[in-house]
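*Asks:* Got a structure for you, questions after.
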Amino acid sequence: MVIMLDSVSNEKIKYLSKLASDSKFRKENGEFFLEGLRLCLDAALSEVQITAVYYTEKAYEKSGKEIEQIISKSESAYLISKSVCSKISQTRTSQGVFCKCRFIKETKKEQIDPNKKYVALDNVQNPDNLGAVSRTAEALGISGLIVNGGCDIYNPKAQRAAMGS
């Protein structure tokens, strides 16, 4: 069942907006925010646990098949108004598709496969750089990143910069 949210003062929308903008809030709640059809669809096709998907009517008209795939992997779905979309969007031109997801469980040192290749990052501060390294590493066949300190890996800018990886 899809629920309509059309008020920017709705508690779910306030929560999502804070999740998108506040690293400490993300860590406290163990959830992160994704914006854009590609990122949300990638999450749905991976092991990421989507707790909610939010989308506009216009987005559904354009990409209904893909949004249905995301909805099928989500615990809940919300149709949102243009004003709500503007409130939660972190981009100039929003595609009108957003997801709220749970943090991915961290891999313990003992779980790292010694037969695979990894890139170790220490204290990378810029989320755009983190995303670019992620894309480049995957293109080179690297199995994963080991991140020590630095920017929040769930920062929406880092997620957008890593899109597709």
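*Asks:* Out of the residues in the range 1-24 that are open to solvent by 50 Å² or more (accessible area, probe 1.4 Å) and among the polar types (S, T, N, Q), state the one that is nearest to Thr56 (Cα to Cα).
*Replies:* Ser9
*Asks:* Let me ask another. Search the range 93-107 for residues being in contact (Cβ under 8 Å) with a residue 60 or more places away in the chain and more than 22 Å from Ser23 (Cβ to Cβ), and hand back the single one that is most open to solvent (accessible area, probe 1.4 Å).
*Replies:* Ranking the qualifying residues of the range 93-107, first place goes to Gln95.
*Asks:* Need the failing condition index for Thr51 against (1) surrounded by 15 or more Cβ atoms within 10 Å (Cβ to Cβ); (2) touching a strand residue (DSSP E or B) at 6+ places or on another chain (Cβ under 8 Å); (3) modelled with pLDDT of 95 or more, just the number.
*Replies:* All conditions are met except number (1).
*Asks:* Can you run down the residue pairs with Cβ atoms below 8 Å, 6 or more apart or on separate chains, where the first is in the range 114-130 and closer than 19 Å to Ser165 by Cα and the partner is open to solvent by 80 Å² or more (accessible area, probe 1.4 Å) and modelled with pLDDT under 90?
*Replies:* Ala120/Asn148; Leu121/Asn148; Pro127/Lys157; Asp128/Lys157
*Asks:* Got a number for residues in the range 119-141 being among the acidic types (Asp, Glu) and within 13 Å of Tyr154 (Cα to Cα)?
*Replies:* Number satisfying all stated conditions: 1.
*Asks:* Going through the range 78-99 one residue at a time, which ones are in a loop (DSSP other than H, G, I, E, B) and either under 20 Å from Asn155 (Cβ atoms) or modelled with pLDDT under 95 (or both)?
*Replies:* Scanning the range 78-99 gives Ser89, Gln90, Thr91, Arg92, Thr93, Ser94, Gln95.
*Asks:* Limited to the range 131-155, what total is found for residues that are touching a residue at least 60 places away in the same chain (Cβ under 8 Å) and in contact with a Phe, Trp or Tyr (Cβ under 6 Å, 6 or more places away or on another chain)?
*Replies:* 1
This table checks each residue for (1) in contact with a strand residue (DSSP E or B) (Cβ under 9 Å, 6 or more places away or on another chain); (2) within 21 Å of Ser165 (Cα to Cα); (3) surrounded by fewer than 15 Cβ atoms within 10 Å (Cβ to Cβ); (4) touching a residue at least 40 places away in the same chain (Cβ under 8 Å).
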{"position": "Glu47", "(1), (2), (3), (4)": "no, yes, yes, yes"}
{"position": "Tyr55", "(1), (2), (3), (4)": "yes, no, no, yes"}
{"position": "Lys58", "(1), (2), (3), (4)": "no, no, yes, no"}
{"position": "Glu66", "(1), (2), (3), (4)": "yes, yes, no, no"}
{"position": "Ser72", "(1), (2), (3), (4)": "no, no, yes, no"}
{"position": "Ser81", "(1), (2), (3), (4)": "yes, no, no, yes"}
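*Asks:* Where residues in the range 108-145 are in a strand (DSSP E or B) and over 25 Å from Asp22 (Cβ atoms), which of them is least open to solvent (accessible area, probe 1.4 Å)?
*Replies:* Gly144
*Asks:* Report the residue count in the range 14-58 for those that are charged (D, E, K, R), closer than 17 Å to Cys151 by Cα and assigned to a loop (DSSP other than H, G, I, E, B).
*Replies:* Count: 1.
*Asks:* Of (1) at pLDDT below 90; (2) open to solvent by less than 40 Å² (accessible area, probe 1.4 Å), Gly149 satisfies all except one. Which?
*Replies:* Unmet for Gly149, out of (1) at pLDDT below 90; (2) open to solvent by less than 40 Å² (accessible area, probe 1.4 Å): (2).
The values are calculated or read from the model by the stated rules, or taken from the named source; none is laboratory data. Only a predicted model underlies this, so the values are computations on that prediction, with no experimental measurement involved. Because the Cβ atoms are built from the backbone with ideal geometry, glycine has one as well, and the counts that use them run over all protein chains shown. Areas reflect the complete protein model, heavy atoms only, side chains present, ligands, DNA and RNA absent. Shrake-Rupley method; radii C 1.70, N 1.55, O 1.52, S 1.80 Å.
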